[in-house]
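Reading through the structure tokens given below for one structure.
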Amino acid sequence: MSYVANVMNKNMKDVNTEEVDIIPVNTGVLLHFYDENPYRRIETTNSGLIIGIESTKTYKSDETGELETNDEAICCAKVIAVGPECKNVKVGEDVYCVKFRALPIPFRKQGYYIISEQNITCRIVKKEPVVVKQLNEDELLSKDYKDFKNGNVK
């Protein structure tokens, strides 16, 4: 066994992978891509046309005759962790990003990818509830109308 292999084996004996976690640095965002987009709607028109099917399905190539897959450029992912300089993305959010810009991170075979926050195209956030304030009569009526109603006509 070579010297490097001996050193690596010795170092690996001292590593307890259950005691470590992975944290991105700077503006890094750790992602886990969904197998299928959970926000895509599949609709069928009255004529039977199906709209919104994932384009990442396997297809048979006319050129080679072999089964191939078509990866989408923009993919949806869950944010696992963020670096200390991230300003717009939070852990637990779903985001869309350019998958080809993300780099795979070989950590515990989790299927994680790292990408800079600048390469995230958008976030999926819950809609804020609309708060409707009920106005009283004084708030609804203009000052001129109140003056007219009270007999203060000039």
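Some notes on this structure:
- Index of the failed condition, Thr64 passing every other in (1) at pLDDT below 75; (2) loosely packed, with under 10 Cβ neighbours inside 10 Å; (3) not small (Gly, Ala, Ser): (1)
- Hits in segment 61-85 (condition: part of a strand (DSSP E or B) and under 18 Å from Val29 (Cβ atoms)): Ile74, Cys75, Cys76, Ala77, Lys78, Val79, Ile80, Ala81, Val82
- Taking every residue in segment 89-110 that is more than 15 Å from Tyr34 (Cα to Cα) and pairing it with any residue that is modelled with pLDDT under 90 and assigned to a loop (DSSP other than H, G, I, E, B), at least 6 positions away or on another chain, the pairs with Cβ-Cβ distances below 8 Å are Ile105/Ile22; Phe107/Ile22.
- Residue list for segment 89-118, restricted to those being modelled with pLDDT of 90 or more, surrounded by fewer than 14 Cβ atoms within 10 Å (Cβ to Cβ) and among the polar types (S, T, N, Q): Gln118
- Any hit, segment 3-19, residues being surrounded by 10 or more Cβ atoms within 10 Å (Cβ to Cβ) and either at pLDDT 75 or above or part of a strand (DSSP E or B) (or both): no
- Segment 39-52, residues that are part of a loop (DSSP other than H, G, I, E, B), over 20 Å from the mean Cα position of the chain (by Cα) and either hydroxyl-bearing (Ser, Thr, Tyr) or at pLDDT below 70 (or both): Thr45, Ser47
- Qualifying residue in segment 124-147 (condition: in contact with a helix residue (DSSP H, G or I) (Cβ under 8 Å, 6 or more places away or on another chain) and modelled with pLDDT of 70 or more): no
The values are calculated or read from the model by the stated rules, or taken from the named source; none is laboratory data. Being a predicted model, the structure only gives us computed values, none of them experimental. All Cβ positions, glycine included, derive from the backbone under ideal geometry; neighbour counts span all protein chains shown.
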